[in-house]
Amino acid sequence: MKPLAAAIKRRTSRQMWTWWILPFILTAGWRYPVLGYFIPLCMVAGAGMAIFRGRSWCDWLCPRGSAWDFLLKRISLKKKLPPIFRDMKFRIFIMAVLMTVLAIQLPRFWPSINGMGQVFVVMLSITTTVGIILGILTHQRNWCAYCPIGTLGNWLGRGKYPLTIDAKCDACRKCDKVCPIQIDRWQHRPQPGQVAIVPEWDCLKCGLCVEACPQQALVLGPKRERTNGTNV
């Protein structure tokens, strides 16, 4: 089996362990609202992991991200994401709206464990519905572009477990075709003899681009050996 095919199979196998959690909570959570507390646990886990490995949580550990790739990908139009969804001002706006809703609703149900859990279930249901609709019309990972947990991962994970690119890159863009979040790495290729960090902190650290690169110009994780004039 070719390295890329093996990497895709490995990633899909991992996502099979987590994708089902999303539909489970969306259905059972209405009867057992305490399941809604899984959402803040994901927020803490995603932000905590970002400190060490960037947005790696969003690759397959996040049940919603896995469900997007495992299920929604089958019916998505797979279009290029509109720039507005990546705009940081838009992402901050979405985060502010969701955090404001939680700040208003949670105190209303305090100290009811089920009541507060229901708030998280309702929010998960609404945001998942939005993610499904936009994921079908554009790209399955549309929601991941402005997901609050992903935005936190972007901020906290800057410089962590970086993807580097060297001058062997010939801009074939084969890495673009396999990237689950549509990051353009080739635009950051350095001058001959140099190595550069790809400053795209929404990278999910899935490693598919590394396996897809025919020039072996990409490395994920530990920094390469420095050379004179390198950008790393």
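Every read-out reported here was derived from the displayed coordinates using simple, explicitly stated rules and does not represent laboratory data. These figures come from a predicted structure and were not determined experimentally. Here the Cβ positions follow ideal geometry from the backbone for every residue, glycine too, while neighbour counts run over all protein chains shown.
Identify all residues within the stretch 208-226 that are crowded, with 20+ Cβ neighbours inside 10 Å and either among the hydroxyl-bearing types (Ser, Thr, Tyr) or in a loop (DSSP other than H, G, I, E, B) (or both); write none if there are none.
Matches in the stretch 208-226: Cys213, Ala217.
Being closer than 17 Å to Leu77 by Cα and in a helix (DSSP H, G or I) is the filter here, so list the residues in the stretch 106-138 that pass it. Before you say what the answer is, go through the steps one by one.
If we filter the stretch 106-138 for residues that are closer than 17 Å to Leu77 by Cα, which is where we start, we get 129-138.
Correct list: Thr129, Val130, Gly131, Ile132, Ile133, Leu134, Gly135, Ile136, Leu137.
For the stretch 183-190, indicate whether the set of residues that are surrounded by fewer than 20 Cβ atoms within 10 Å (Cβ to Cβ), within 18 Å of Asp59 (Cβ to Cβ) and charged (D, E, K, R) is non-empty.
No, every residue in the stretch 183-190 fails to be surrounded by fewer than 20 Cβ atoms within 10 Å (Cβ to Cβ), within 18 Å of Asp59 (Cβ to Cβ) and charged (D, E, K, R).
Please state which of the following conditions Ala6 fails to meet, knowing it meets all the rest: (1) crowded, with 18+ Cβ neighbours inside 10 Å; (2) outside any loop (DSSP other than H, G, I, E, B).
Among (1) crowded, with 18+ Cβ neighbours inside 10 Å; (2) outside any loop (DSSP other than H, G, I, E, B), Ala6 violates only (1).
What are the pairs with Cβ atoms under 6 angstrom where one residue, in the stretch 61-80, is closer than 13 Å to Leu134 by Cβ and the other, located anywhere, is outside any helix (DSSP H, G or I) and basic (Lys, Arg)? Sequence gap at least six, or different chains.
Trp68/Arg141
Find the residue count for the stretch 105-135, including only residues that are buried (at least 16 other Cβ atoms within 10 Å of the Cβ) and within 18 Å of the chain's Cα centre (by Cα).
7
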